[in-house]
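The values are calculated or read from the model by the stated rules, or taken from the named source; none is laboratory data. If you're wondering where the values come from, they're calculated on a predicted model, not measured in any experiment. Cβ atoms come from the backbone with ideal geometry, glycine included; neighbour counts cover every protein chain shown. These accessible areas exclude ligands, DNA and RNA; they are computed on the full protein's heavy atoms, side chains included. Shrake-Rupley method; radii C 1.70, N 1.55, O 1.52, S 1.80 Å.
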2 protein chains.
Amino acid sequence: MRYAYNVYEDRCPTRMVLDRLADKWALLILDRLEDGPVRFNHLRRDIKGISQKVLSQTLKKLERDGLVTRTVYPTVPVTVEYALTPLGRALGETAAALTHWAEHNMDAILAAQAAYDAALAER
Amino acid sequence: MRYAYNVYEDRCPTRMVLDRLADKWALLILDRLEDGPVRFNHLRRDIKGISQKVLSQTLKKLERDGLVTRTVYPTVPVTVEYALTPLGRALGETAAALTHWAEHNMDAILAAQAAYDAALAER
DNA sequence: CGGCATCCCCTTGGATACTG
DNA sequence: CAGTATCCAAGGGGATGCCG
């Protein structure tokens, strides 16, 4: 076994964490925060296609996991900034490897899909 | 922008790939196949908690993406082996970084969750 | 053994409206 | 601005049964 925990076991702690991390929106948010704090509606606008409900939920989970901080400024109207914690920053860098891999190998994957679909249609 | 494509845009190819990769089961399957080919029911038994329907669907997606090969041996009853392609192996290694990160930082995350929940209950 | 088909539930997430 | 609350539709995924 290569891991301290058996990641194939149900209910192993690593899986819990993996569950949280294997989230498209979480990865995108983490990535978007790498350049510094961002306000709620700014995130909402930048990350196209996310609803405010899902953004809110995802941010809350990330905050609970200690990956993101939520800072409220008592302006009128109120301003809320989200920023990476050191932990979140470290994860963001790890996750960026995945995003970069996706980008570099996208062509190969798209080609494989086309070939697969063509072979299917032929039958 | 750090990426060739704007990953925050809806409908960008990188997001399509990321969508597929941000899948707990896919990551676990990729990881499980790193030591060599595995048969369907063997995978099903090893990866606790996955249903055969979801396993089947996930494997089909991975095959379509060119990450996994499916080989049928005409025994009776039939034997089917799944194995990583070079592309799949490369992704598996990248994904392993995520899994390892999860394992190494799990304690910090669990502690953050406990602190968050405690602060909530107190109010 | 390795699936696919069917049924069915129940969660996820979108749309909308409202509040501090 | 930054959410929460409510409603509702779609589909993801479990359970079961059947087949090559």
Of the residues in region A:61-87 that are open to solvent by 20 Å² or more (accessible area, probe 1.4 Å) and assigned to a helix (DSSP H, G or I), the one that is farthest from DNA strand C (Cβ to nearest atom) is A:Pro86
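Quick one: would you say A:Asp31 is under 23 Å from A:Thr79 (Cα atoms), acidic (Asp, Glu) and at the interface with chain B (Cβ under 8 Å from one of its Cβ atoms)?
On the way: under 23 Å from A:Thr79 (Cα atoms): yes; acidic (Asp, Glu): yes; at the interface with chain B (Cβ under 8 Å from one of its Cβ atoms): yes.
The answer is yes for A:Asp31.
Is it the case that B:Arg20 is over 23 Å from A:Ile109 (Cα atoms), within 14 Å of DNA strand D (Cβ to nearest atom), in a helix (DSSP H, G or I) and out of contact with any Pro (no Cβ under 6 Å at 6 or more places or on another chain)? Lay out the reasoning, then the answer.
Values: over 23 Å from A:Ile109 (Cα atoms): no; within 14 Å of DNA strand D (Cβ to nearest atom): yes; in a helix (DSSP H, G or I): yes; out of contact with any Pro (no Cβ under 6 Å at 6 or more places or on another chain): yes.
Here the answer is no, as B:Arg20 does not meet what is asked.
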Residue pairs within 8 Å by beta carbon, gap of at least six or interchain, first lying in region A:88-110 and open to solvent by 50 Å² or more (accessible area, probe 1.4 Å), second hydroxyl-bearing (Ser, Thr, Tyr), listed first then second, are A:His100/B:Tyr3
Scan region A:49-60 and give yes if some residue there is open to solvent by 40 Å² or more (accessible area, probe 1.4 Å) and either more than 16 Å from DNA strand C (Cβ to nearest atom) or of a type in the set (Asp, Glu) (or both), otherwise no.
no
Note on B:Ala26: of the conditions (1) more than 20 Å from A:Asp107 (Cα to Cα); (2) within 16 Å of DNA strand D (Cβ to nearest atom); (3) open to solvent by less than 40 Å² (accessible area, probe 1.4 Å); (4) not hydroxyl-bearing (Ser, Thr, Tyr), unmet is (1)
